[in-house]
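Asks: My questions will all concern the structure given below.
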Amino acid sequence: MEQKRPYRATVKRAPGEPPLTQYRLYFMHGAERRITYSHEFEAESDERAIRISEGWREGRRAELWSGSRKLRSWDADG
């Protein structure tokens, strides 16, 4: 099975603005929670990353990570 490359969204920052934090949203499948693909992106805060992830998730099982920190997990809707 061919693996999809992670999608990476980058937010442009003005000079002098603080750096953004890196996040990765993993989409999971099955009882063993196998990772099917992921989105890599940057956000201003954990709260903003959670809001972004909720939009991308579209009711699918997912986990949001920043480095070694697991911020949130969602079960599939329905």
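The values are calculated or read from the model by the stated rules, or taken from the named source; none is laboratory data. Treat the numbers as computed from the prediction; the structure is a model and nothing was measured.
Asks: Restricted to the stretch 14-36, and to residues that are over 10 Å from the mean Cα position of the chain (by Cα) and of a type in the set (Ser, Thr, Tyr), which residue is nearest to ALA62 (Cα to Cα)? Break it down into steps so the answer makes sense when it comes.
Replies: Initially, the stretch 14-36 is screened for residues over 10 Å from the mean Cα position of the chain (by Cα), giving 14-21, 28-36.
Still in the list and also of a type in the set (Ser, Thr, Tyr): 21, 36.
Working: THR21: 19, THR36: 10 Å.
Within the stretch 14-36, the match that is nearest to ALA62 (Cα to Cα) is THR36.
Asks: Which number in (1) at pLDDT 90 or above; (2) more than 10 Å from the chain's Cα centre (by Cα) marks the one condition that VAL11 misses?
Replies: Of everything listed in (1) at pLDDT 90 or above; (2) more than 10 Å from the chain's Cα centre (by Cα), VAL11 misses just condition (1).
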